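The values are calculated or read from the model by the stated rules, or taken from the named source; none is laboratory data. Predicted model only: the values in this text are computed from it and were never measured. Because the Cβ atoms are built from the backbone with ideal geometry, glycine has one as well, and the counts that use them run over all protein chains shown.
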Amino acid sequence: MSFAVNGTTGITFNDNTNMATAASLGPRNRIINGNMVVDQRNNGGSVTPTNGQYTIDRWQYSGSQTSKFTAQQNAASITPTSGFTNYLGLTSSSSYSVVSSDYFAIEQKIEGFNIADLGWGTSNAKTVTLSFWVRSSLTGTFGLTLRDGGESVCFPTNYTISSANTWTYIQLTITGPSTGTYSSTNGTGIEVWFGLGYGSSYTGNLTQNTWSSGFCGQPSGAQNIVSTNGATFYITGVQLEVGSVATPYQFNTYSDQLSQCQRYYVKYTNNSLPYVQFAIGRCYSTTGGSANLYFPVPMRTQPTFGYTTPVSGNFDYSLSALNISGYPSNGSNSNNNISIGATGSFTNGGAFALAAANISTLVYLDFSAEL
Amino acid sequence: MKVYTNAQYYYIPNTTINCGIKVEINGFESCVPLDPSNTDYINIMKLVQEGQLTIAPASQRDAAS
């Protein structure tokens, strides 16, 4: 294998890929699940996301109106671009005419720990490059915005899809900002918004490719995918890295990528099978008990606990209520396990299993520490 | 922002110490920890501050007798 070195692009390999900086030699991608492989919530199923709802892992839908899109891993089962097996597909559900305050986007919030080295918000802010593969049934200009975690400044930019229903590779270089608020710990560092449609309040209201106060989703004349019934927006291979050159997508092992996602969200289900056990607990009375459950990896923060409503025989031991009853500390990390309180029919001093009942429907417990 | 409804504090079992907030998030039953880094807790407190959401006190039946 041969390669060339020059002062502009760094190292160029004979497959025409580049590595511009020494940072390219280590873990590069600040986006998690950029190749859209992990889908704990829906397991490949289609959802009609509401505002703030997560689709596949780490990718959140933001929409000012309900029921305007469906979202699905590998929607419509088209062939992903070469080298990838998965994509996130969004499909417009109507020909909605946006009003001035409307916004529709798919976004990822990046944790501060993962961007702290960029120096954003200082005079030493580093340039980054965002690259991705995108495919749409529409052609034209599409909006994309980077935003600080404090949501005070943004960098509106755009890209062009010239051929409908064709995977297109996009590379965008973003100058590091000296303004804005970026967590360097477990808060939100950077937000990356892929626009699906905006009203006039967020269209063409700020200068493109410049950091400014406020929020702008797209330039004037950009496509509003939400306004065409059945219009599609498919995306994969999203990578945000230091430097002004996009390097090949950094693949992780599936287990590593799943673990990265589980810092923010983990779901336990019975897979619609009876008597699947989630945890074993103790009964401190004839009606109350608690069970400890350890997470696969420590979570970003104490998580929100969601669950199938414990009625109609969903859970064993006639459970009638569930809640978080505590966060036991384990050394320096208290976010690696949780105590789940249960109200049901117990034997005082005995043990019980937090388990699905004798049913063949889906029962789940989930934990969200998303940004 | 997600939709938060029917919020109510609840106690650590057999105490009268608030442990978390039971709330429906986009219609799904959930428990939110009283953790200032938790995004749902941040959102709930913002709504409370803006007067758009009220968190009911914990039910006395959950308290220590």
Residue check for A:SER97: modelled with pLDDT of 95 or more, more than 16 Å from A:ILE235 (Cα to Cα), more than 14 Å from every other protein chain (Cβ to nearest Cβ) and touching a Gly at 6+ places or on another chain (Cβ under 9 Å): no
Residue, surrounded by the most Cβ atoms within 10 Å (Cβ to Cβ), within the range A:288-315, restricted to residues that are among the aliphatic types (A, V, I, L, M) and either within 7 Å of another protein chain (Cβ to nearest Cβ) or in a strand (DSSP E or B) (or both): A:ALA291
Residue list for the range A:242-258, filter: hydroxyl-bearing (Ser, Thr, Tyr) and surrounded by 15 or more Cβ atoms within 10 Å (Cβ to Cβ): A:SER244, A:THR247, A:TYR249
Among the residues listed as A:SER334, A:SER325, the single one being within 12 Å of chain B (Cβ to nearest Cβ), over 30 Å from A:ASP256 (Cβ atoms) and at pLDDT below 85: A:SER325
Test result for A:PHE278, within 12 Å of another protein chain (Cβ to nearest Cβ), buried (at least 20 other Cβ atoms within 10 Å of the Cβ) and not in a loop (DSSP other than H, G, I, E, B): no
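Condition check: hydroxyl-bearing (Ser, Thr, Tyr), within 14 Å of another protein chain (Cβ to nearest Cβ) and assigned to a loop (DSSP other than H, G, I, E, B). Does A:THR185 satisfy that?
It is true that A:THR185 is hydroxyl-bearing (Ser, Thr, Tyr), within 14 Å of another protein chain (Cβ to nearest Cβ) and assigned to a loop (DSSP other than H, G, I, E, B).
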Number of the condition not met by B:LEU47 [criteria: (1) more than 7 Å from every other protein chain (Cβ to nearest Cβ); (2) aliphatic (A, V, I, L, M); (3) in contact with a helix residue (DSSP H, G or I) (Cβ under 6 Å, 6 or more places away or on another chain)]: (3)
In the range A:355-371, residue surrounded by the fewest Cβ atoms within 10 Å (Cβ to Cβ) [restricted to those that are away from chain B (no Cβ under 14 Å) and in a strand (DSSP E or B)]: A:ALA355
Residue match in the range A:241-264 (condition: within 14 Å of chain B (Cβ to nearest Cβ) and either in contact with a strand residue (DSSP E or B) (Cβ under 9 Å, 6 or more places away or on another chain) or closer than 30 Å to A:THR9 by Cα (or both)): yes
Single residue of A:SER285, A:SER339, A:SER318 found to be part of a loop (DSSP other than H, G, I, E, B), surrounded by fewer than 22 Cβ atoms within 10 Å (Cβ to Cβ) and without any contact (Cβ under 8 Å) to a residue 60 or more places away in the chain: A:SER318
B:ASP40 vs. criteria at pLDDT 95 or above and facing chain A (nearest Cβ under 7 Å): yes
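Could you list, in sequence order, all residues of the range B:42-55 that are of a type outside the set (Val, Ile, Thr), surrounded by fewer than 12 Cβ atoms within 10 Å (Cβ to Cβ) and in contact (Cβ under 8 Å) with a residue 12 or more places away in the chain?
none
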Flag for A:THR304 being among the hydroxyl-bearing types (Ser, Thr, Tyr), closer than 26 Å to A:GLN257 by Cβ and touching a Cys at 6+ places or on another chain (Cβ under 8 Å): yes
